[in-house]
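Working notes for the structure below.
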Amino acid sequence: MALIRMQADATLPAAQRCNYTNAFHALYRITADEGVLALWKGAGPTVVRAMALNVGMLASYDQSVEFFKDNLGFGEAATILGASSVSGFFAAACSLPFDYVKTQIQKMQPDAAGKFPYKGSMDCAMKTLKAGGPFKFYTGFPVYCVRIAPHVMSRFWYFLLISNHRLLQMSQNSHRRLKFVAGADAFGCALKDTLVSHLRSLDIEVEDLGTDNHYSIGEKIGRIISSATDSSETEIRGLVACGTGVGVSIFANKFPGVYAAICLTPSDAVNARSINNCNIIAFSGMSSSPETAIETLDNYLNTPFKSPCPASDSKPWTDNIQSFLDKSISEMSKIGTNPNPNTPISSGSCSICNLAAGREFSPVEIMPGACMKIVRESPTSAMVRFVAGSIEPAHHHTHGHDVVVMKGRKVVWNVSKRERFELNVGDFLFTPAGDVHRVKYLEDTEFFIRWDGDWDIQLDEDLATAAANLEKEA
């Protein structure tokens, strides 16, 4: 009330001005001249204006977030900036008519006869509509929008900062201090560096192992997390990244007590923590943008085990699933260990090897000596077998692919990059999309392969040319 009167006083003729010196002087004069209740003049329109502003702000913000994130694929920061700008515009548009009426009521003065120009809010609205039409209520809209929009935008930015601070408090107030061990290969190192910086901005301790070979970094971090699972003072989690996130997670998961999961979306992270108590999060350096990866990591930090998640339709788990989750930690910890030390572990206990057991393999007509069993259509994953002495002529694929050797030995020549790789049991290799490569199998070999999309192949030479080129290599 004092603000409106002080602003209006400057526009009056000199003889009619009250010449308020400050807000306290304005409050005193209003009370002395018009009574204490005059301080609440226009309270009704003020309440309605506040309601209209919040309706316009909140309703448009939720819809805008969905549009920027789902339709345009924006990251967290860009989504909040765009959605809060739209929200500020609609907050101003919805509230200005009520603000106009409120202002007219609060600044009105009696005439010489002691009569006020308006009997109330409704009378003010009707007279304004009759005198100037509906657009009269939007007088000064650009200025009002510039005033309201930054307020709305800052509110949602503060909310983001508070959310990040809450993540920090959760990590600091937990019974065990949170620490991350991070690493990546050459394809994931840039994204890893971004995520490490984000964790440190939340004051979370990070041990950065830097960049290493495709499988070595997954093995190093998996070993550390496995040996740290029983620590009573510090909860250590892992963060790994490679081209697709597949290779590093496969090798990290070779160790007991390690539950590594590839998380390409924020929902993946919520599911991985809620259902699997994931303690190593794997990222794709080629598929995930920094903004999406940071949002995914925040969800990973913010989600406790067994909490509602997208897989549960964001509702509490049913009793039977809750019972399963309650027992899962103790049961999962036994995986990879020998329940009877006097009984050797069967060579058929490998989960990937069991994936191939009992399946019918189909010959690959363009690759003599090869047979394949597709276990997933899109993106394509398959088990492949080659007999010793077989050759893959130089070829390339539309999509990059990961290979993990389960049996045998082979040599891969990346013709495009002039690189040579000899792969044995347990070795991993990622070949980027479009890279021409030639392969020779030194033993009967079996491997698991995963493409980043649908499987295809384009031959760049025939078998005779491949054999001749391999003779030159020898």
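The values are calculated or read from the model by the stated rules, or taken from the named source; none is laboratory data. Remember, it's a predicted structure, so these values are computed and weren't measured experimentally. Using ideal geometry, Cβ is built from the backbone for each residue, glycine included, and neighbour counts are taken over all protein chains shown.
Can you work out which of the residues in the stretch 221-235 that are touching a helix residue (DSSP H, G or I) at 6+ places or on another chain (Cβ under 9 Å) and under 17 Å from A184 (Cα atoms) is surrounded by the most Cβ atoms within 10 Å (Cβ to Cβ)? Step by step, filter the stretch 221-235, then rank; the result is I221. Among the residues of the stretch 438-458, which ones are touching a His at 6+ places or on another chain (Cβ under 7 Å) and without any contact (Cβ under 8 Å) to a residue 60 or more places away in the chain? Selection gives D456 alone.
Could you please find all residues in the stretch 242-279 being under 15 Å from the mean Cα position of the chain (by Cα) and not in a loop (DSSP other than H, G, I, E, B)? Those that are under 15 Å from the mean Cα position of the chain (by Cα) and not in a loop (DSSP other than H, G, I, E, B): A261, I262, P266, S267, D268, A269, V270, N271, A272, R273.
Listed by first and then second residue, the pairs with beta-carbon distance under 7 Å, at least 6 apart or on different chains, first residue in the stretch 389-412 and closer than 15 Å to K440 by Cα, second part of a strand (DSSP E or B) and among the basic types (K, R), are I391/K440; E392/R438; P393/R438; A394/R438; K410/K440; V411/R420; V411/K440. For I250, the conditions (1) closer than 26 Å to R200 by Cβ; (2) buried (at least 20 other Cβ atoms within 10 Å of the Cβ) are fulfilled apart from (1). For the stretch 90-115, what are the residues that are of a type in the set (A, V, I, L, M, F, W, C) and surrounded by fewer than 19 Cβ atoms within 10 Å (Cβ to Cβ)? A93, M108, A112, A113, listed by residue number.
Of all the listed residues (V36, V55, V47, V65), the sole one being over 19 Å from S95 (Cα atoms), in the same structural domain as F116 (by TED's automatic domain parsing) and aliphatic (A, V, I, L, M) is V65.
Any residue at all in the stretch 165-181 that is under 21 Å from I281 (Cα atoms), part of a loop (DSSP other than H, G, I, E, B) and modelled with pLDDT of 85 or more? No, that holds for no residue. When each of A228, A269 is tested for being touching a strand residue (DSSP E or B) at 6+ places or on another chain (Cβ under 6 Å) and among the aliphatic types (A, V, I, L, M), the lone residue that passes is A228.
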